[in-house]
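Enquirer: My questions all concern the structure below.
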Amino acid sequence: MGDQFDGGVTNENFFQRMCGSFCSSICGVLMIPICMGLVFWNENNLVINEATANLVQDAKVYSSCVPSPGANGDLVLVACDLYAPDIAGDLPPTLSPFLPHFSGASLSWTMEIYQWTEDENEECHKTNSGGKSCRKTYSYDTEWTTSPVNSNDFAHPWGHDNGDTDFPHNMESSGSVDAPPLSVVMSQHGTPDGGFVLDSNLVSYLPSVGLGDRLKSSAPPSNSSDEWQGAGSLTPQMLHKYQGYLQTAYGSPQIGDLRIQITGQMSDEATACGVQQRIHGASSDYTFVPLPPKKFGWFGKKTKPLERLQ
C-alpha cells in the first residue's frame, strides 16, 4: 500500500487563465491542417502497402526448401524449417549458468530494480474571482523500475529512501547477443547447409519470446558468501529463478533487489518472400534480396521494396 501526501494549494488569477485558454485555442487551430495531412498520408500508405502485398501473388512458390538455380533473380515464396547456432555461451558470465543452450538469432536481457517511486497529481477548480485553485498530492509506492530512482528528489523523501541502491557494476542492465551474420538458415530439414541464408532484415522479423521456463533454478554453489547488497558486483550465486525471472529476492522483494528477464529470438519454421540470389562464393546456399519498388496506378505511385518473413 502506497503513501500519499498533500502538496499544498496554488492559485491562478483570471488573466493567467485567459492567457492559457488563448494559447490552447491557437494550438487547436494549428492541429487541423496537421491532422488532415496525417489522414492523407495514412490513406496513401495503406494503398501502397496493399499494392506491395499483391506482388506476392506473382511469386514462385517452392514445394520444397531446396533452392532452384533456375529461379535466381526471381521473386520466390518458401516455407521451411529454421536453423540457428547455439549462442547461449555468449551471454554475460552472470547469466550464462542459467541457460546452457539456446539456438536462435539473438538473446536479450533486461534488468529491473525494486524502488520507491513518486507520482505527482494535481486537481484544479475555478474560483469565484475567475481564477483557478490547484492542489497537488504526492503518492509513493514501491515497484520494479528499469532504472534506479533518486529519492533525494522526492517532495517527501522521508520514509521513501532508495539509498545508494543501483544496478551492478560488472554487467550492463540490458543488452543482447546476436548470432553471427548469415548464420540463420531456412532449409528443408533445419540444417545449416543447402537452403536460404537469412540477412539481418529477415532475421529481425523472427518473434521474441520469454525463456523463463527454460532457465535453470539456480547456479552452481561457490565457496564465498554471496548475497546481493543493493549495489556492487552481481554473481550467479546471488540469483535464482522465480516466476520466469532471475532475481535476488527470496520472498517479498526489498529496496534494491534485482530481477532479470531473458528473451530469445527464434522460430522452428518460417515463411519468407524475396528475390532469390546466390551468395557470392558459396556453392549451394542462396539468400533473399528485396524486390525493387514497382510503379502502379495512374499517378506514378511505387510499391515498397518487398522482402518479408513471418
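Enquirer: Straight-line reach from Lys60: which lysines have a Cα under 30 Å away, not including same-chain ones fewer than 8 places off?
Expert: Lys294, Lys295, Lys301, Lys302, Lys304
Enquirer: Dividing the alpha-carbon Rg of the range 195-271 by 2.2 N^0.38 Å yields what?
Expert: Against the empirical 2.2 N^0.38 Å value, I get 1.50 for the range 195-271.
Enquirer: For the chain, take the longest principal axis of its alpha carbons; what is the angle in degrees between that and the long axis of helix 14-54, to the nearest 10 within 0 to 90?
Expert: Here the helix axis deviates by roughly 10 degrees.
Enquirer: Place the peptides 107-113, 262-268, 71-77 in order of packing, highest mean first, counting for every residue the other Cβ atoms within 10 Å and averaging per peptide.
Expert: Going from most to least packed, we get 107-113, 262-268, 71-77.
Enquirer: Sticking with this structure for a sec: Send over a whole-number figure in Å² for the accessible area per residue of the chain, probe 1.4 Å. Don't skip to the answer; put the middle values down first.
Expert: Values: 18180 Å² over 310 residues.
Here the per-residue accessible area is 59 Å².
Enquirer: Further, regarding this structure: Principal axis lengths of the range 120-226 from Cα atoms, whole Å, largest first?
Expert: The Cα atoms of the range 120-226 stretch 81, 51, 24 Å along their principal axes.
Enquirer: Let me ask something additional. What is the extension gain from Ser204 to Leu77, computed as 0.36 nm multiplied by their sequence separation minus the C-alpha to C-alpha distance, in nm to one decimal?
Expert: Working: separation 127, 0.36 × 127 = 45.72 nm, distance 1.79 nm.
Result for the pair: 43.9 nm of gain on full extension.
Enquirer: Right, here's the next one. For His189, what accessible surface area do you get with a 1.4 Å probe? Give it in Å², rounded to 10.
Expert: Roll a 1.4 Å probe over it and His189 shows about 140 Å².
Enquirer: Per 0.36 nm of contour for each residue apart, how much would the distance between Ile26 and Glu269 grow if the chain were fully extended, relative to their Cα-Cα spacing? Could the numbers behind the result be given before it?
Expert: Working: separation 243, 0.36 × 243 = 87.48 nm, distance 5.37 nm.
Length difference between fully extended and current span is 82.1 nm.
Enquirer: Quickly work out the Asp90-to-Ser139 label distance, labels modelled 7 Å from Cα along the C-beta direction, and quote it in nm with one decimal.
Expert: Reported label-point gap for Ser139 and Asp90 is 4.3 nm.
Enquirer: Same structure, new question: With unit charges on the beta carbons (Lys and Arg positive, Asp and Glu negative) and the dipole taken about the Cα centre of the range 178-252, which residue among His240, Leu182, Ser252 sits farthest to the positive side?
Expert: The listed residue farthest towards the positive side: Ser252.
Enquirer: Also, I was wondering about something else. Stretched out fully, how many nm does the piece from Thr146 to Glu50 gain, at 0.36 nm a residue minus the Cα gap?
Expert: Length difference between fully extended and current span is 30.7 nm.
Enquirer: From the gyration tensor of the Cα coordinates in the range 65-192, what semi-axes in whole Å does the equivalent ellipsoid have, largest first, with each one equal to sqrt(5λ)?
Expert: 53, 25, 9
Enquirer: So what's the projected area for the chain, the Cα convex hull averaged over all directions, in nm²?
Expert: Value for the chain: 25.1 nm².
Enquirer: Something else: Using every pair of alpha-carbon atoms in the range 181-310, split the distances into 10 Å bins beginning at 0 and state the percent of pairs per bin, rounded to integers.
Expert: Result, from short to long distances: 11, 26, 18, 18, 17, 8, 2, 0 percent.
Enquirer: When the accessible area of the chain is computed with all protein chains present and a 1.4 Å probe, what percentage of it is carbon and sulfur? Intermediate results must be reported in sequence, preceding the final value.
Expert: Values: 9540 of 18180 Å².
C and S atoms contribute 52 percent here.
Enquirer: Once Lys and Arg get +1 and Asp and Glu get -1 on their Cβ, which of Gly297, Leu75, Gly195 lies farthest toward the positive end of the dipole of the chain?
Expert: Gly297
The values are calculated or read from the model by the stated rules, or taken from the named source; none is laboratory data. Model, not experiment: these values are computed from the prediction. FYI the Cβ positions are ideal-geometry reconstructions off the backbone, even for glycines, and counts take in every protein chain you see. These area figures cover heavy atoms from the full protein model, side chains too; ligands, DNA and RNA do not enter into them. Shrake-Rupley method; radii C 1.70, N 1.55, O 1.52, S 1.80 Å.
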